[in-house]
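The values are calculated or read from the model by the stated rules, or taken from the named source; none is laboratory data. These numbers come from a predicted model, not from an experiment. Cβ atoms come from the backbone with ideal geometry, glycine included; neighbour counts cover every protein chain shown.
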Amino acid sequence: MKDSLVIIPTYNERENIEAMVKKVLSLSHPFDLLIVDDGSPDGTADIVRALQQVYTGRLHLESRQGKLGLGTAYIHGFKYALKHGYEYIFEMDADFSHNPQDLVRLYEACAIEGYDVAIGSRYIQGVNVVNWPMSRVLMSYFASSYVRVVTGMPIADTTAGFKCYRRKVLETIQLNKIRFVGYAFQIEMKFLAYKYGFKIKEVPIIFTDRTKGVSKMSSGIFKEAVLGVLQMKVSSYFRHFDRY
Ligand SMILES: Nc1nc2c(ncn2[C@@H]2O[C@H](COP(=O)(O)OP(=O)(O)O)[C@@H](O)[C@H]2O)c(=O)[nH]1
Ligand SMILES: [Mg+2]
């Protein structure tokens, strides 16, 4: 069985991707890396292809036709990870908002401490967000609280996108039933892991806004989450969460 796969979805991350690949593949733990690129017009995938010559066998690329959303990019990556036998599967952004060094801490929470899901959490010890405008910090913080109240999950950072899953979590959650395509996907994944009774740990991290490239966050994504979380909660009453 292979050990760890970090999945990074990309859309126009030309300015970040090379430094990110080099960083992840030089960490103390031997992570493999999968980039799921949605046909970025800026040529992100070409940079990855060139780097594959250097990191043979450790750097993988899945290219999709167009911008199909963050959630579906991760589902695509999860299926790849399961098919190729990885035990620990990570989600991370390409823009250095998540410090790649923290991958090792997420790994240890699962591999050494025995948790099923480790979440890099901005809100477990105060508010650890650097360089975001106050409006976005407040929106993210209150969105997290809203989700916590509606869903009842005991997680401080319910929208976090920096995570490690043990393989069995992704095998149990029926990936084809995930309803959200955008950022609300992050909420749904945590909710399902929680409902199935997996052991979840929040690892405190410092989140720093990107310095290169632009954010793909939009108000449509936000709307998907607000109503969608209510629908998700209601439909959970009609679903069985028995593990096997
Ligand atoms: N493949 C793919 N990646 C995406 C898509 N939307 C966003 N991303 C990537 O997802 C990560 C998070 O997006 P980002 O723009 O940084 O969002 P923010 O941090 O919430 O402002 C980055 O690595 C983006 O390149 C998408 O539709 N498809
Ligand atoms: Mg970002």
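Of all residue pairs spaced 6 or more apart or on separate chains, those with beta-carbon atoms under 7 Å, a first member in region 170-198 that is farther than 22 Å from Y86 by Cα and in a loop (DSSP other than H, G, I, E, B) and a second member that is at pLDDT 95 or above and among the acidic types (D, E) are R179/E188; F180/E188. All conditions but one from (1) buried (at least 17 other Cβ atoms within 10 Å of the Cβ); (2) touching a helix residue (DSSP H, G or I) at 6+ places or on another chain (Cβ under 8 Å) apply to G39; the one that does not is (1). Considered as a group, the residues in region 6-31 that are in a helix (DSSP H, G or I) and touching a strand residue (DSSP E or B) at 6+ places or on another chain (Cβ under 9 Å) include one that is farthest from G57 (Cα to Cα), and that residue is N16.
Taking region 55-163 as the region of interest, the helices (runs of 4 or more DSSP H) fully inside it that hold 3 or more residues being out of contact with any strand residue (DSSP E or B) (no Cβ under 9 Å at 6 or more places or on another chain) are 70-83, 134-151. For region 189-207, a tally of residues being within 16 Å of ligand 1 (Cβ to nearest atom) and either farther than 22 Å from G77 by Cβ or of a type in the set (D, E) (or both) returns 1. Selection of first residues in region 24-50 that are closer than 13 Å to I7 by Cα and of second residues that are in a helix (DSSP H, G or I) and among the polar types (S, T, N, Q), restricted to Cβ pairs under 7 Å at least 6 apart or on distinct chains, gives the following pairs, ordered by first then second residue: D37/T44. Can you pull out the residues in region 65-95 that are over 13 Å from the mean Cα position of the chain (by Cα) and of a type in the set (A, V, I, L, M, F, W, C)? Matches in region 65-95: L68, A81, L82. Would you check if V169 is over 30 Å from D42 (Cα atoms), in contact with an Asp or Glu (Cβ under 6 Å, 6 or more places away or on another chain) and of a type outside the set (D, E, K, R)? When the stated conditions are applied, V169 passes them.
Considering only residues that are among the polar types (S, T, N, Q) and within 13 Å of ligand 1 (Cβ to nearest atom), which ones fall in region 84-134? Working first, answer last.
Initial filter on region 84-134 (among the polar types (S, T, N, Q)): 97, 99, 101, 121, 125, 128, 131.
S97, N131, listed by residue number.
One residue is enough: does region 87-102 have a residue meeting the conditions away from ligand 2 (no atom under 16 Å from the Cβ) and of a type in the set (V, I, T)? Yes: region 87-102 contains one or more residues that are away from ligand 2 (no atom under 16 Å from the Cβ) and of a type in the set (V, I, T).
Before we move on, is R210 away from ligand 1 (no atom under 13 Å from the Cβ), part of a loop (DSSP other than H, G, I, E, B), touching a Phe, Trp or Tyr at 6+ places or on another chain (Cβ under 9 Å) and among the charged types (D, E, K, R)? Please lay out each step first, then the result.
Numbers: away from ligand 1 (no atom under 13 Å from the Cβ): no; part of a loop (DSSP other than H, G, I, E, B): yes; touching a Phe, Trp or Tyr at 6+ places or on another chain (Cβ under 9 Å): yes; among the charged types (D, E, K, R): yes.
For R210, the condition - away from ligand 1 (no atom under 13 Å from the Cβ), part of a loop (DSSP other than H, G, I, E, B), touching a Phe, Trp or Tyr at 6+ places or on another chain (Cβ under 9 Å) and among the charged types (D, E, K, R) - is not met.
Are any of the residues in region 62-81 more than 16 Å from ligand 1 (Cβ to nearest atom), modelled with pLDDT of 95 or more and surrounded by 15 or more Cβ atoms within 10 Å (Cβ to Cβ)? Give the steps one after another, and end with the answer.
Just the residues of region 62-81 that are more than 16 Å from ligand 1 (Cβ to nearest atom), to begin with: none.
No, because not a single residue in region 62-81 is more than 16 Å from ligand 1 (Cβ to nearest atom), modelled with pLDDT of 95 or more and surrounded by 15 or more Cβ atoms within 10 Å (Cβ to Cβ).
Sub-6 Å Cβ pairs linking a first residue in region 135-148 that is of a type in the set (A, V, I, L, M) to a second residue that is assigned to a helix (DSSP H, G or I), at least 6 apart or interchain, are V147/I187; V147/V229, ordered by first then second residue. Please specify each residue of region 185-244 satisfying the condition of being of a type in the set (A, V, I, L, M, F, W, C), surrounded by fewer than 14 Cβ atoms within 10 Å (Cβ to Cβ) and over 29 Å from N12 (Cβ atoms). Scanning region 185-244 gives L230, V234, F238, F241.
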